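Okay, structure first, notes after.
The values are calculated or read from the model by the stated rules, or taken from the named source; none is laboratory data. Here the structure is a predicted model, which means the values were calculated and not measured. Quick reminder, even Gly has a Cβ in these numbers, built from the backbone with ideal geometry, and neighbours come from all protein chains shown. Surface areas here come from the heavy atoms of the whole protein model, side chains and all, with no ligands, DNA or RNA. Shrake-Rupley method; radii C 1.70, N 1.55, O 1.52, S 1.80 Å.
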Amino acid sequence: MRLRHFPAAAFALVALAACGSDSSGPKVGPAAQIELVSSPANKGAVTTAVGTFSVKVSDANGHAVSGANVTFSVTGGGGGVTLAPSSATTDASGVAGTVVTLGTRTGAIIVMASAAGLSKRVEALITSTPGPLATVISSPDAIKLWEVGDTARITSQLQDEFKNAVTDFVPSFTVADPTLASVDETGLVRALRKGGSSMIIVSASGRSDSVAIRVAALGESPCTGAATATPLAVGDVVTANGANICITGAASASADYTVVAYNASTDGASALYATLQANGISTPPATSRTPATSPFRASRAVLPEGAAATVSRPALDESFHLKLLAGARGQGVRYRASRAAFDARLSRPSTSTGFTPRLSRSRIPASAAVGDVVTLNVSDTSCTGAVMHGFRVVAVGSKSIVLADTLNPANGFSAQDYARFAARFDTLVYPLDVGAFGAPSDLDQNGKIAILFTEYVNELTPANSPYFVGGFFHPRDIFLKTGPSSQFTCPTSNEGEMFYMLVPDPSGQVNGNTRTLGFVDTLTTSVIAHEFQHLINATRRLYVNNNFADFEETWLNEGLSHVAEELLYFRESGIQPLQNLGDAGIRADQSQYQIWKANQGSNFTRFLEYINDPGAASPLDPDDALATRGATWAFLRYAVDRFFPGDASVWARFTNTESFGLTTLSEALLTDPLPVLADFAVANYVDDLGISTDPRYLHKSWNFRDIYSKTFGSRASGTFVPLGYYPLLQAGVADNTLTGATVRGSSASYFRLTVGAGKEALLTFAPGTSGPNPALRFIVVRTQ
């Protein structure tokens, strides 16, 4: 046998193979999972290192993956947390870590680790706590007390060097002169004797702060060291600069003051809390304060026919308008497109007084005659959910078509009544509103406004409600019914100028609510004037003015409709604005008073809602509440009377605009309305008080004090008893007592106080929140 010889190296390889050995080890796949290895301490003081945060990256089989990129991050804690390093690659055991050092702010932080390619991450929660106590900060820096027994409170903040609150210690209080004042463990300081100064030491854990205390000497003015006296004559009005003002009594008599806390914000829905503290005042006389709870108020003879003497007729529920007008606003894109479609079939006017369509798709034709029946949508919804009713033409005037719902309750208006309403619209309301606000459009080319008397309006008032809906204009009816794109149309539109009116219901057929013929008759014309303004305002914006964007803001739109009611009163009574009408003026005779009750009494009731609690409402509030409507109407009348010698051409500027809200006001009044709103708040107290002739503080058309004190009153005893005072809510201020009130934007709350003869009083103003607010202003009026 031949022997074969192999190299030694080859022999070694063969031997290894025979044993089944592999020096490369197990195969490692890509990173598939990440898990926590070590977590830092769960709590630590600011700026301290709290340990290492490490994680392990492994493959699907749990084998360590080396060289994987791990990123560390942190959230919470106000920033400043240091991670060293912020990213790392895993070592041979698949581990990467970072050292966590806390920042300067306290709170919870989360440290996170994530590996490239993996969605899962690992987290560790750490709470950063304050460092050692470094500072004691006490407030106020100084205290002044006036009388023995007066108190004030010291509050203290304990902080570390980074201004984090330290809660491990309770401060202690020590007064240097314990005969002057005492201080308890809560920081309450109490004056023990008159005249003197001292220091109160506030300390904790070796740190301290001091508060100066001074107790006024006998006879010392509260203003000493705080403010210089601001002498005011009766009728003077001054806005306080800063947090304090010093006011004085007369040399030999006391002096009365009213403080008006005014919120200059134009957000009528928002509110600030104003506080007033007065030191050195006397108790104001009872006659200068409005009772906290006034008796039921109603104007003379406003009871419905046959009602008991203690029952008032229900009030108009104008909140219903908010749904209609607010629903129409904010859809500018849709309606601009709808207008463009109208432009394809309707022509523009040659003048700014009206609008003439080329093509009519009228539901109420120009040829409509008494006895004709048409079917119309009466629903209070917008462009869906039609409620179709049949209507019979009952009167046709030169500017009006009057229609009665075939479902109306029995024993309602007669043919003669409907003819009378048509005549009153043609000869009174139409020329009045058009003369003031401009002409409406004429989409249906019938040359008339449709007045729809329908029981559907009655249906809008629930049974036994203290409010009722008197009528409405629906913006839906002036939109396109059909067009090239359904998204731009309003399928339920009646495509015409119309509004809907309440009808008599003597037997309470609808929801059990009795509406006598006389009751509905007395309010119908004023409601028509009100709704016609809405129609004019809407159609002029949509079809007459050049660049329609949206309807007018609701608060101003409603205010203008209440102006329309007032203009109806002036027209029917033959009285002009600017006459400062009081009780005797509106009740010159019974016929004059009936005109006031029918056309203007509701405006006064709404304004009464406002002055009963003016801080809780605003002329600019979008809520459309009765108080808002009253305030807006009164402001519009006040502003127009202040800046113009008469109404001619003024109201038309409100409807011939492409602006909204305050910008409309500015354009119509030809001035910035913001300071005017502040003056209006002062005028609501100062007017007809006999202390000022400054035109900024006068209501030139109405003597509200006289009308509310004499025309309004109570029938609780069955006999009318005049109210006897002006019901503007005012808070009486007691000496050295914090008094507060809520103030809506562009409105005010009122405080009454008295300074004794030869005395000085310090008034301190503040918002009831944590810091000063430039929107809150305090206006001081010397009233006596």
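For Val202, state whether it is in contact with a Gly (Cβ under 9 Å, 6 or more places away or on another chain), part of a strand (DSSP E or B) and open to solvent by less than 70 Å² (accessible area, probe 1.4 Å).
On the way: in contact with a Gly (Cβ under 9 Å, 6 or more places away or on another chain): yes; part of a strand (DSSP E or B): yes; open to solvent by less than 70 Å² (accessible area, probe 1.4 Å): yes.
Taking the combined requirement at face value, the residue satisfies it.
What are the residues in segment 447-468 that are open to solvent by 10 Å² or more (accessible area, probe 1.4 Å) and not in a helix (DSSP H, G or I), if any?
Gly447, Lys448, Leu460, Pro462, Ala463, Asn464, Ser465, Pro466, Tyr467
Could you check segment 74-92 and list, in sequence order, the residues that are under 15 Å from Phe53 (Cβ atoms), open to solvent by 50 Å² or more (accessible area, probe 1.4 Å) and either in a strand (DSSP E or B) or out of contact with any strand residue (DSSP E or B) (no Cβ under 9 Å at 6 or more places or on another chain) (or both)?
The answer is Val74, Thr75, Thr82, Ala84, Ser87.
Specify the residue that is most open to solvent (accessible area, probe 1.4 Å); the eligible residues are those in segment 212-243 that are within 36 Å of the chain's Cα centre (by Cα), at pLDDT below 85 and not aliphatic (A, V, I, L, M).
Looking at the filtered set, the residue picked out is Asn241.
Of all residues in segment 598-625, which are closer than 16 Å to Arg637 by Cβ, assigned to a helix (DSSP H, G or I) and not hydroxyl-bearing (Ser, Thr, Tyr)?
Asn599, Gly601, Asn603, Phe604, Arg606, Phe607, Leu608, Ile611
Is there any pair linking a residue in segment 611-623 that is touching a residue at least 24 places away in the same chain (Cβ under 8 Å) to one that is among the acidic types (Asp, Glu) and part of a helix (DSSP H, G or I), with Cβ under 9 Å and at least six apart or on different chains, and which?
Close Cβ pairs satisfying both conditions: Ala617/Glu609.
When you look at Ala588, is it open to solvent by 10 Å² or more (accessible area, probe 1.4 Å), under 28 Å from Leu728 (Cα atoms), over 31 Å from the mean Cα position of the chain (by Cα) and at pLDDT 95 or above, yes or no?
When the stated conditions are applied, Ala588 does not pass them.
From (1) modelled with pLDDT under 95; (2) under 21 Å from Glu531 (Cβ atoms); (3) in contact with a Phe, Trp or Tyr (Cβ under 9 Å, 6 or more places away or on another chain), pick out the condition that doesn't hold for Lys597.
(3)
In segment 411-427, which residues are under 39 Å from the mean Cα position of the chain (by Cα) and open to solvent by less than 20 Å² (accessible area, probe 1.4 Å)?
Within segment 411-427, Phe421, Phe425 meet the criteria.
Condition check ((1) open to solvent by less than 50 Å² (accessible area, probe 1.4 Å); (2) outside any strand (DSSP E or B); (3) farther than 30 Å from Ala588 by Cα) across all residues:
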| residue | (1), (2), (3) |
| --- | --- |
| Gly718 | yes, yes, no |
| Gly724 | no, yes, no |
| Ala741 | yes, no, yes |
| Tyr750 | yes, no, yes |
| Thr754 | yes, no, yes |
| Ala761 | yes, no, yes |
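List the strands (runs of 3 or more DSSP E) inside segment 111-174, counting only whole elements, that have at least 2 residues being more than 30 Å from Ile281 (Cβ to Cβ) and either open to solvent by less than 40 Å² (accessible area, probe 1.4 Å) or not polar (S, T, N, Q) (or both).
Per the criteria, 121-129, 135-139, 155-159.
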